[in-house]
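The values are calculated or read from the model by the stated rules, or taken from the named source; none is laboratory data. Just so we're clear, the structure is a prediction, and the values are computed from it rather than from any experiment. Glycine also receives a Cβ, built like all others from the backbone with ideal geometry; neighbour counts cover every protein chain displayed.
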Amino acid sequence: MAGSLLDGKATLITGAGSGIGAATAVVFARHGAKVIVADIDEEAGRRTVAEVEAAGGEAAFVWVDVRRSDAVKDMVDFTVERFGRLDCAVNNAGVDTAGDGRLHEVGEEAWDASITVNLKGVWWCMKHELARMVQQGSGSIVNVASVAGLVGIEAPFVSAYVAAKHGVVGLTKAAALEYATSGIRVNAVCPGAVRTQMVDDLIAQGIMTLEQTAAYHPVGRYANPPEIGEAIAWLSSDAASFVTGLPMAVDGAMTAR
């Protein structure tokens with residue numbers, strides 16, 4: 001293992017079957033964490049478990065649908081049963097931008113689909129994670145938001161996604177204040193464009209090109225998932241012990257313009 005940044009930390013990561021979540025699971029394992037891989041896609045989640053184990057880490061899979069409170073509670077209970085506690089939670093599960101065009105063209109079903117997973121799903125996770133962390137008197141939560149939670153994004157289909165991610169940032173700040181004296185830190189990462197299946201799908205749909213994706217960032221490229229995972233690992237670790245309530249942009253200076 002690479003080091004002790006997260007040595008022995010019992011960690012839960014949602015949406016860990018692919019993309020940022022899967023990369024973060026491997027990054028955490030390399031930093032010494034024990035990882036619960038949670039996802040709605042069991043096959044993908046078990047692939048991530050295998051990757052973590054191949055990297056020398058300890059991991060287990062649990063199925064979750066973050067739209068369901070009972071499933072989220074079972075996920076947290078499984079983590080505590082497996083590792084005895086919950087030190088770090090990474091709420092990463094999310095869905096692509098939803099809608100049929102500009103805001104006035106977006107249907108209620110598409111709007112609800114985005115808000116339910118991208119915002120309410122984070123709330124369900126935090127609700128059950130925080131209940132456990134309050135009992136043990138410590139913990140760290142990192143919510144995966146987006147630059148779309150910091151600024152508006154000019155792109156088709158994006159209004160519901162932007163609203164949800166702004167909500168995640170607000171929820172992060174509110175929770176950081178509520179639990180500041182409980183030994184619990186709550187932060188968010190706000191990635192720019194990351195080369196994940198979500199971005200590849202947008203490219204395949206003709207919504208953007210790979211060159212446009214890279215050009216969003218002054219550094220001239222998109223991010224790779226492990227780069228986001230490393231930022232999450234630092235925020236989750238004791239090295240960031242005085243950091244809470246932070247929506248950290250990991251965006252190649254995109255929001256610095």
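In the list Asp77, Asp96, which residue meets the criterion of being surrounded by fewer than 24 Cβ atoms within 10 Å (Cβ to Cβ), modelled with pLDDT of 95 or more and under 25 Å from Leu119 (Cα atoms)? Can you show your working first?
Values: Asp96 fails: modelled with pLDDT of 95 or more.
The conditions single out Asp77.
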So which residues in segment 120-145 are buried (at least 24 other Cβ atoms within 10 Å of the Cβ) and either in contact with a Gly (Cβ under 6 Å, 6 or more places away or on another chain) or at pLDDT below 95 (or both)?
Met133
Consider Val151 carefully, then state whether it is under 19 Å from Ala16 (Cβ atoms), among the β-branched types (Val, Ile, Thr) and either assigned to a helix (DSSP H, G or I) or over 16 Å from the mean Cα position of the chain (by Cα) (or both).
no
In segment 221-257, how many are out of contact with any helix residue (DSSP H, G or I) (no Cβ under 9 Å at 6 or more places or on another chain), assigned to a loop (DSSP other than H, G, I, E, B) and within 19 Å of Ile13 (Cβ to Cβ)?
1
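I'd like to know if segment 162-175 contains one or more residues that are touching a Pro at 6+ places or on another chain (Cβ under 7 Å) and assigned to a loop (DSSP other than H, G, I, E, B). Explain how you work it out, then say what you get.
Within segment 162-175, the first condition is being touching a Pro at 6+ places or on another chain (Cβ under 7 Å), and the residues that meet it are 169, 172.
From the residues that got through so far, the ones that are assigned to a loop (DSSP other than H, G, I, E, B) too are none.
No, that holds for no residue.
Which residues, counting only those in segment 17-29, are within 19 Å of Arg85 (Cα to Cα) and either without any contact (Cβ under 8 Å) to a residue 40 or more places away in the chain or among the small types (Gly, Ala, Ser) (or both)?
Ala25, Ala29 - these are the residues of segment 17-29 that are within 19 Å of Arg85 (Cα to Cα) and either without any contact (Cβ under 8 Å) to a residue 40 or more places away in the chain or among the small types (Gly, Ala, Ser) (or both).
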Among the listed residues Ala93, Ala60, identify the single one that is in contact with a Ser or Thr (Cβ under 7 Å, 6 or more places away or on another chain) and either in contact (Cβ under 8 Å) with a residue 24 or more places away in the chain or closer than 20 Å to Ala163 by Cβ (or both).
Ala93
Hey, Val64 hits all of (1) of a type outside the set (D, E, K, R); (2) closer than 18 Å to Leu171 by Cβ; (3) modelled with pLDDT of 95 or more but one; which does it fall short on?
(2)
Just a yes or no: is a residue in segment 30-41 free of Cβ contacts under 8 Å to residues at least 40 places away in the same chain and surrounded by fewer than 17 Cβ atoms within 10 Å (Cβ to Cβ)?
yes
Quick check, is Asp41 more than 14 Å from the chain's Cα centre (by Cα), at pLDDT 95 or above, charged (D, E, K, R) and over 15 Å from Val142 (Cα atoms)?
yes
